[in-house]
Amino acid sequence: MKLEGVHHITAITADGQKNLDFYVGVMGLRLVKKTVNQDEPSVYHLFYADEQGDAGSDLTFFEFPGAPEGRAGAGMVHTIGWRVGSEQALDFWAARLGEQGIESERGEGTLDFADPEGLGHQLRVVETADAPLIAEHPEIPREHALQGFDGVRAYAGAPDASERLLGALGFERSGDGWEARGDSRGGLYAYDPPPAEHGLNGAGTVHHVAWGSKPEEHEAWRQLIRAGGAHPTQVIDRFYFQSIYFREPSGVLFEIATLGPGFTVDEPLETLGEKLSLPPDFEHLREQVEQIVKPLHNPREVRA
């Protein structure tokens, strides 16, 4: 069995509308699901991805209104890596972000910046056979668009402690980190020394990173997780995919999520994300939820 790279990455925002304006309006992703946090259904769970809502491009946010600003520390992901197609794409993004007042730093084949709440991103020029996962945006040429995740970087004080588990899960050494590569996609995971300050969960921090699993192999992953020394949850039905959660030794929260059934299970592809979607087990809460969450205005729908 092999994990199919990064499935999704989930972070925290204090302001769903500003978050939507940035990731759809500026970064050009598509809002593919507007639903609720299934563990706390009084708050939004927003999913951004490519045009098809594919795993491998799916950045999601729990909205906790008024949440204090967070800070990445030991045991937390601090940077989300995205693939782009060329150095010219980095030029495009440096200029586009600059127009929004967002500073960026150019490296060798990379561009680093933070979103308005401080969440770190790195755009990377990557040569790969993996299919590019692209969303449509009238201001972003297709050749410059984000092409899906390349991986994440986390802080760890003792990264070697994770070797047993990562090895059990089929990660292989790659550069200064590890790669999970399946039949169709790969994703990188790497560590950096932690800062002196303790991390704080809050707006602009990553909650967890999920790795993709073929549905028929999902239960078997629990055995491998245990063999690697971690303690997985039971399989949890998230309606759009099935999930297993566990912490790897650095402290980062991992999820293994199935590649399907996907976001079109309750909405047609053409109108993904345009309405509040509630899984069947939460549909009875619709009236209550709609009185709590604020309406969101999607920049994509305004353009249309």
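A compact table of results
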quantity	calculated
Sole exception among (1) of a type in the set (A, V, I, L, M, F, W, C); (2) part of a strand (DSSP E or B); (3) surrounded by fewer than 21 Cβ atoms within 10 Å (Cβ to Cβ) for A94, by number	(2)
Yes/no for H208 being over 19 Å from Q52 (Cβ atoms) and part of a loop (DSSP other than H, G, I, E, B)	no
Residue check for G85: at pLDDT 95 or above, closer than 16 Å to G120 by Cβ, touching an Asp or Glu at 6+ places or on another chain (Cβ under 7 Å) and not charged (D, E, K, R)	no
Identity of the residue in region 1-30, under 29 Å from W221 (Cβ atoms) and among the hydrophobic types (A, V, I, L, M, F, W, C), that ends up surrounded by the fewest Cβ atoms within 10 Å (Cβ to Cβ)	M1
Matching entry among E117, E143, E127, E139 (being modelled with pLDDT of 95 or more and either in contact with a Cys (Cβ under 6 Å, 6 or more places away or on another chain) or exposed (fewer than 13 other Cβ atoms within 10 Å of the Cβ) (or both))	E139
Qualifying residue in region 68-77 (condition: of a type in the set (V, I, T) and in a loop (DSSP other than H, G, I, E, B))	no
Flag for L278 being over 15 Å from D39 (Cα atoms), modelled with pLDDT of 95 or more and hydrophobic (A, V, I, L, M, F, W, C)	no
Residue check, D58 closer than 23 Å to I134 by Cα and surrounded by fewer than 19 Cβ atoms within 10 Å (Cβ to Cβ)	no
Region 206-233, residues that are within 19 Å of the chain's Cα centre (by Cα) and within 17 Å of E248 (Cβ to Cβ)	V206, H207, H208, V209, A210, W211, G212, S213
Enumeration of residues in region 115-152 that are outside any loop (DSSP other than H, G, I, E, B), in contact (Cβ under 8 Å) with a residue 24 or more places away in the chain and of a type outside the set (A, V, I, L, M)	G120, H121, Q122, R124, E143, H144, F149, D150, G151
E255 being surrounded by 17 or more Cβ atoms within 10 Å (Cβ to Cβ) and either modelled with pLDDT under 95 or part of a loop (DSSP other than H, G, I, E, B) (or both)	no
Options A156, A196, A95: the member that is touching an Asp or Glu at 6+ places or on another chain (Cβ under 9 Å) and at pLDDT 95 or above	A156
Candidate set: region 159-199, residues that are part of a strand (DSSP E or B) and among the hydrophobic types (A, V, I, L, M, F, W, C); chosen: the one nearest to A220 (Cα to Cα)	A180
Matching option when the condition is touching a Phe, Trp or Tyr at 6+ places or on another chain (Cβ under 6 Å) and of a type in the set (K, R), among K33, K2	K33
Verdict on I225 being modelled with pLDDT of 95 or more, crowded, with 18+ Cβ neighbours inside 10 Å and aliphatic (A, V, I, L, M)	yes
Test: residue in region 187-195 that is among the aliphatic types (A, V, I, L, M) and surrounded by fewer than 18 Cβ atoms within 10 Å (Cβ to Cβ)	no
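The values are calculated or read from the model by the stated rules, or taken from the named source; none is laboratory data. Here the structure is a predicted model, which means the values were calculated and not measured. Every residue, glycine as well, gets a Cβ built from its backbone with ideal geometry; the counts of neighbours run over all protein chains shown.
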